[in-house]
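Visitor: I am attaching a structure below and will ask some questions about it afterwards.
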Amino acid sequence: MMLSRASKYAILSTLFLAEHSSETRKISVKEIANSIDVPSPFLAKLFQQLVRGKIISSTKGPNGGFYLTKRNRKKAVIDIIENIDGLEKINECFLGLNECDGSNPCPVHFIVEPFKNNIMGKFRDKTITEFAEEISSNGRVLTLKDLTTPKKQ
């Protein structure tokens, strides 16, 4: 199961909105991009797509920006992934083989499948709000800043 960088950024920034925005506090792309350390132009494109998909909301003008409505907050994380990547990417073979399923498995199919189903279940069953609440109650931080990049061997 592979998530594109776009999906990862979309999930991260939507969860950031869930934690920090409201109908009265809208947040600019620049502020979010700086907070979670994602390139601003890339995030702006993703946000256009997420607004079209009714995952997040926006208003224009001096007090404009992005935020989540009650309806947005009831969406599941899987909706974000589906909006950005479609679900085909998630169902791809872990090893990248064209044909891989239970009747024609790749060498790691039966190892990966239970994990994939477990993760997908959580992405499907939890709302954006539930994920955001879990993050703040566990004291986790939503940012890509200061994550050490693995050294190339």
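Visitor: Limited to segment 14-41, what total is found for residues that are over 19 Å from residue 127 (Cα atoms) and either in contact with a helix residue (DSSP H, G or I) (Cβ under 7 Å, 6 or more places away or on another chain) or of a type in the set (Val, Ile, Thr) (or both)? Spell out the reasoning first.
Guide: Our first condition is that a residue be over 19 Å from residue 127 (Cα atoms); within segment 14-41, this holds for 24-41.
Still in the list and also either in contact with a helix residue (DSSP H, G or I) (Cβ under 7 Å, 6 or more places away or on another chain) or of a type in the set (Val, Ile, Thr) (or both): 24, 27, 29-30, 32-33, 35-36, 38-40.
Going through segment 14-41 one residue at a time, the tally reaches 11.
Visitor: Taking the stated definitions as given, is residue 34 crowded, with 21+ Cβ neighbours inside 10 Å and not acidic (Asp, Glu)? Write out each step before concluding.
Guide: On the way: crowded, with 21+ Cβ neighbours inside 10 Å: no; not acidic (Asp, Glu): yes.
No: the conditions fail for residue 34.
Visitor: Only one of 25, 71 is part of a helix (DSSP H, G or I) and either among the charged types (D, E, K, R) or touching a strand residue (DSSP E or B) at 6+ places or on another chain (Cβ under 7 Å) (or both); which?
Guide: Result of the check over 25, 71: 71.
Visitor: Mind checking which residues of segment 32-57 are over 16 Å from residue 69 (Cα atoms), in contact (Cβ under 8 Å) with a residue 24 or more places away in the chain and either in contact with a Cys (Cβ under 9 Å, 6 or more places away or on another chain) or part of a helix (DSSP H, G or I) (or both)?
Guide: Scanning segment 32-57 gives 32, 35, 36, 42, 43, 46, 49.
Visitor: In the list 53, 65, which residue meets the criterion of being touching a strand residue (DSSP E or B) at 6+ places or on another chain (Cβ under 8 Å) and surrounded by 15 or more Cβ atoms within 10 Å (Cβ to Cβ)?
Guide: On the way: 53 fails: touching a strand residue (DSSP E or B) at 6+ places or on another chain (Cβ under 8 Å).
One residue alone meets the criteria, 65.
Visitor: Taking segment 64-99, which residues are aliphatic (A, V, I, L, M) and within 15 Å of residue 119 (Cβ to Cβ)?
Guide: If we filter segment 64-99 for residues that are aliphatic (A, V, I, L, M), which is where we start, we get 68, 76-78, 80-81, 84, 87, 90, 95, 97.
Across segment 64-99, the qualifying residues are 76, 77, 78, 80, 81, 87, 90.
Visitor: Another question, if that's okay. From 70, 60, 75, 26, grab the single residue that is exposed (fewer than 12 other Cβ atoms within 10 Å of the Cβ), among the charged types (D, E, K, R) and under 19 Å from residue 129 (Cβ atoms).
Guide: 70
Visitor: Test of understanding: among 79, 101, which residue is out of contact with any strand residue (DSSP E or B) (no Cβ under 8 Å at 6 or more places or on another chain), modelled with pLDDT of 95 or more and farther than 20 Å from residue 31 by Cα?
Guide: 79
Visitor: Report, ordered by the first and then the second residue, all pairs with beta carbons closer than 7 Å, sequence separation of six or more or different chains, a first member in segment 1-14 that is touching a residue at least 40 places away in the same chain (Cβ under 8 Å) and exposed (fewer than 15 other Cβ atoms within 10 Å of the Cβ), and a second member that is basic (Lys, Arg) and part of a helix (DSSP H, G or I).
Guide: Pairs found: 2/89; 4/89.
Visitor: Name the single residue that is surrounded by the fewest Cβ atoms within 10 Å (Cβ to Cβ) among those in segment 79-119 being in a loop (DSSP other than H, G, I, E, B) and among the acidic types (Asp, Glu).
Guide: The initial filter retains those residues of segment 79-119 that are in a loop (DSSP other than H, G, I, E, B), namely 85-87, 92-100, 102-103, 105-108.
The next check asks that each one be among the acidic types (Asp, Glu); those that pass are 85, 92, 99.
On the way: 85: 16, 92: 13, 99: 9.
Only one residue fits best here, namely 99.
The values are calculated or read from the model by the stated rules, or taken from the named source; none is laboratory data. Please read these numbers as outputs of a predicted model, since none were measured by experiment. Counting neighbours? That spans all protein chains shown, and the Cβs are built from the backbone with ideal geometry, glycine included.
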